[in-house]
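First comes the structure, then the notes that go with it.
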Amino acid sequence: MRLTSSLMAAMTAFLALPAMAQEGLEIVGKPVDGKMGFQPAATELARDLQWLDGMINVIIIAIVIFVTALLVIVMIRYNRKTNATPASFTHNSPIEIAWTIIPIVILVFIGAFSLPVLFKQQEIPEGEINIKVTGYQWYWGYEYTDHDFAFDSYMIGAPATGGDNRMTPEVEAQLIEAGYSKDEFLLATDTSVVVPVGKTVVMTVTGADVIHSWTIPAFGVKQDAVPGRLAQLWFNAEKEGVYFGQCSELCGQAHAYMPITVKVVSEEAYAEWLDGAIEEYAGTPRSVDVAQAD
């Protein structure tokens, strides 16, 4: 009994740090049962991607309607009953030129809008917050390289947090203790990435064992974590809140149990969280200037 009480006390203390930065935050980016479409865009990148998707869908729908109409016209006008004697010609140069040029024009038009969005994602700006992300089987590790501290992030209810990847009363109690509800099971983690609103965050992503993929749909970011390689992504969150993601690359038996939690907070709340995290994880205090090698 004493061991159980000690374990619960330790778990409460462990969950206190991420919960501190969540106080008063709205859960903005998460999947919703029965809904379709994108999560609310919380970054410029996500807005660009959602607009591009809508624009391309309009083009696709227009092409489908046009081709369907042509098929219907041909079936009605040129069937055996209404056109017993078909024409004998086999080529129509104007039509052949048109169906070659028009698709090229459509593709150039799409490219004129999609390439700038792609370049915006891939041209990594200078980060105001720099975080290294490492994917493991089956959890995430985060290192705030500006302040030399790191921590691991496990799904609440995973074996590392005392569960077995199932919803139980104990897991529900952990979720509530961390400021969530049981609806966030399979999404919420025991520790979270915490970043300030309106700041450019650059993440360096890699894998420790197999290929994983770090993604937050509401941010419009997704980057494979490949062992032995470093890749980068960036985002600038415009709204405070809690955002969820999940590993988006099949990575083994427990692939479904390595979610991502990002909390976007005010600069004041971030500074408070950062001071606590530096103390908790023995990082470099913000007031200390790290000497640069010549």
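Values in this text are rule-based calculations from the coordinates and carry no lab data. Values in this document were obtained by computation on a predicted structure and should not be read as measured data. Note that each Cβ is placed from the backbone with ideal geometry, even for glycine, and that neighbours are counted across all protein chains shown.
Any number yet on Rg/Rh for the chain, C-alpha, Kirkwood?
When Rh is taken as the Kirkwood radius, the ratio is 1.15.
From Cα coordinates alone, what are the radius of gyration and Dmax values for segment 44-122 in angstrom?
18.9, 59
Taking the Cβ of each residue in Phe219, Phe151, Phe109 as the centre, tally the other Cβ atoms inside 10 Å and list the residues starting with the fewest.
Phe109, Phe151, Phe219
Take the residue pairs Lys132/Lys182; Lys182/Lys222; Lys35/Lys132; Lys35/Lys199; Lys222/Lys263 and return only those whose Cα atoms are more than 24 Å apart.
Lys132/Lys182; Lys182/Lys222; Lys35/Lys132; Lys35/Lys199, as the Cα separations exceed 24 Å there.
Which ordering of Leu230, Leu274, Leu52 is given by a fewest-first count of other beta-carbon atoms within 10 Å?
Leu230, Leu52, Leu274
Out of Cys247, Phe235, Tyr139, whose Cα points farthest toward the positive end of the dipole of the chain (charges: +1 Lys, Arg; -1 Asp, Glu; placed on Cβ)?
The listed residue farthest towards the positive side: Cys247.
So, in Å, what gap is there between the alpha-carbon centers of segment 241-258 and segment 145-205?
Their Cα centres are 12 Å away from one another.
If you split all Cα-Cα distances of segment 116-204 into 10 Å bins from zero, what percentages do you get per bin, shortest first?
15, 36, 30, 16, 3
Quote to one decimal, in nm, the extra length available between Trp51 and Lys199 on full extension: 0.36 nm per residue of separation minus the C-alpha distance between them.
51.0 nm
About the Cα centre of the chain, what is the dipole size in debye to 20, counting +1 per Lys and Arg Cβ and -1 per Asp and Glu Cβ, all else neutral?
1980
Can you give the net charge of the other residues whose Cβ lies under 14 Å from the Cβ of Pro86, counting K and R as +1 and D and E as -1?
With Lys, Arg at +1 and Asp, Glu at -1, the net is +3.
To the nearest 0.05, what FRET efficiency results for Arg286 and Gln232 with a Förster distance of 22 Å applied to their C-beta separation?
0.40
Just want the ordering: Lys30, Lys81, from fewest to most Cβ atoms lying within 10 Å of their own Cβ.
Lys81, Lys30
Counting Lys and Arg as +1 and Asp and Glu as -1, what is the net charge of the other residues whose Cβ lies under 11 Å from the Cβ of Gly198?
Around Gly198, the charge tally is -2.
Counting only DSSP beta bridges with both residues in the chain, tell me the antiparallel percent, nearest 5.
Counting only bridges with both partners in the chain, antiparallel ones make up about 65 percent.
Grab every C-alpha pair in segment 132-269, bin the distances at 5 angstrom width from 0 up to the longest one, and report whole percents.
With 5 Å bins starting at 0, P(r) equals 2, 11, 20, 23, 21, 14, 7, 2, 0.
Taking the Cα centre of segment 32-132 as the origin, how large is its charge dipole in debye, to the nearest 20, when only Lys and Arg (+1) and Asp and Glu (-1) carry charge on their Cβ atoms?
740
Mean shadow of segment 196-294, computed from the convex hull of its alpha carbons, in nm²?
If you wrap the Cα atoms of segment 196-294 in a convex hull and average its projections, you get 8.2 nm².
So, in nm, how far is label Ala256 from label Asp148 when the simple model puts each one 7 Å beyond its Cα toward the Cβ?
For the pair Ala256/Asp148, the computed spacing is 4.3 nm.
Just to be sure I understand the rule: take each whole DSSP H helix in the chain, project its Cα atoms onto its long axis, keep it if the span is 30 Å or more and its mean Kyte-Doolittle hydropathy is at least -1.0. Which ones pass?
For the chain, where a helix must reach 30 Å along its axis and average at least -1.0, the hits are 44-77, 93-122.
I'd like the GluC sites (Glu not before Pro) in segment 109-177 restricted to DSSP loop residues with at most 10 other Cβ atoms within 10 Å, sorted by number.
Hits after loop and neighbour filter: Glu123, Glu126.
For Cα pairs less than 8 Å apart in space and 6+ apart in sequence, what is the mean separation divided by the residue count of the chain, i.e. the relative contact order in percent?
In percent, rounded to a whole number, it is 24.
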